[in-house]
Amino acid sequence: MRAAVCTAYGPPEVLQIRTVPDPRPRDKEVCIRLVATAVTASDCIVRGLKLRGVYRLFMRAAFGFRAPRKGIIGMIAAGEIESVGREVTSFKPGDQVFGMNGFRAGAYAEKVCWPASSALALRPANLTYEESAALPYGGLIASFFVRRLKVGKGQRLLVYGASGAIGTSAVQLARHLGAEVTGVCSTTNLELVRSLGATTAIDYTKEDFTQSGRRYDVIFDAVGKRKSAKAMLNAGAALASGGVSKSVDDAFPRTKKSDLLVLKELAESGAFRPVIDRRYTLDEIVEAHRYVDLGHKKGNVIVTIAAR
């Protein structure tokens, strides 16, 4: 099969298209023939080893010291089950699925084998494979933080970085739960954020949300401290009494299949829609990483593996 192999840690050019052996599922695994995947910010962090200090050492220990030891990165899958292991009863060949597995990865390829217990489910009936691939990353991470922050009806929530994969998901999930959502983004993304359910959209290039006089029960930084540190420095000034501020970098999100099933139901009902910025082919994976590295994508960047 063809795959994009990460040959070293470094710039997007370390990704090379190669022919590698087809994977075979173990007893508790499924083999997915991929139609689409996504290039996530996390993929780019792994590829570029974009961490500092002890975290950089931890990543080398977890993924490989000179290069990712598994070679093929990519944590999002949307495709068709080709075969299943002897002990798998939850899926069968022909099932059309989508999901995420950050530890096993391997989705920058024509096929991938993942445990059937992964955050994997039948794809939403009303979405294409590409649209389905735009749900898991932002949706599952946002689900984790929305639950941890106990976002609910009547709360005033501010999402900083509301136009990214995690931000667009957090806006929609919080709105569905009945929160009053304010999204902070750039000028070009104001209408997008409003269309996803934000009551108010703030242009960070023109207004400092901490100086507006508005108060929020929850402030969620959806872009991470490398980009938001300066803007979020005085976030406490915008919190209501008893309010809480949290960054996506403050905890390691645990992905749950139950959250993926909720995302599927919301997508099928029309209450949640995937946001796709750009689409690339597997042969254009370097260009896709270059674009994501810029740090300005709207929602998700999708890579089509096979035409359907």
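The numbers here are math on the coordinates, done by the rules we state, and not lab data. Keep in mind the model is a prediction, meaning the values are calculated, not measured. Cβ sites come from the backbone with ideal geometry, for glycine too, and all protein chains shown count toward neighbours.
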- [ ] List the lysines whose Cα lies under 24 Å from the Cα of K246, skipping any in the same chain that are fewer than 8 positions away.
- [x] K50, K150, K153, K206, K225, K227, K230, K256, K257, K297, K298
Open item on the list: What does DSSP give for segment 137-250 in terms of the percent of beta bridges that are antiparallel, rounded to the nearest 5?
Closed with: 0 percent
Task: Rounded to the nearest 20 debye, dipole of the chain from Cβ charges on Lys, Arg, Asp, Glu - done: 820 debye
Open item on the list: With an 8 Å Cα cut-off and a minimum separation of 6 or more residues, compute the relative contact order for segment 137-250 in percent.
Closed with: 25 percent
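In which sequence would I166, I17, I276 go, from the one with the fewest C-beta neighbours within 10 Å to the one with the most?
Lowest to highest Cβ neighbour count: I17, I276, I166.
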Task: Candidates per trypsin sites (Lys or Arg not before Pro) in segment 216-254, loop by DSSP, up to 15 other Cβ within 10 Å - done: R254
Open item on the list: Given a 10 angstrom Cα cut-off, can you work out which residue in F144, F103, F209 is the most mobile in a GNM of the chain?
Closed with: F103
Open item on the list: Please give the Cα centre distance for segment 218-258 versus segment 6-34, rounded to the nearest Å.
Closed with: 33 Å
Open item on the list: So if I take the centroid of the Cα atoms in segment 87-145 and the same for segment 149-206, what is the distance between those two points in Å?
Closed with: 25 Å
TODO: Mind giving me the FRET efficiency for H176 and D27? R0 is 35 Å, r the Cβ-Cβ distance, nearest 0.05 is fine.
DONE: 0.35
Open item on the list: Within the chain, which whole H helices from DSSP have a Cα span along their axis of at least 15 Å and a mean Kyte-Doolittle hydropathy of -1.0 or more, if any?
Closed with: 53-63, 136-148, 165-176, 257-269
Task: Amide hydrogen neighbours beyond the local backbone of I73, cut-off 5 Å, H modeled - done: C6, G106, Y108
TODO: Could you tell me what % of all Cα pairs in the chain have separations over 32 Å?
DONE: 26 percent
Task: the chain - mean residue ellipticity at 222 nm from DSSP helices (-39,500 (n - 2.57) per run, n ≥ 4, rounded to 500) - done: -8000 deg cm²/dmol
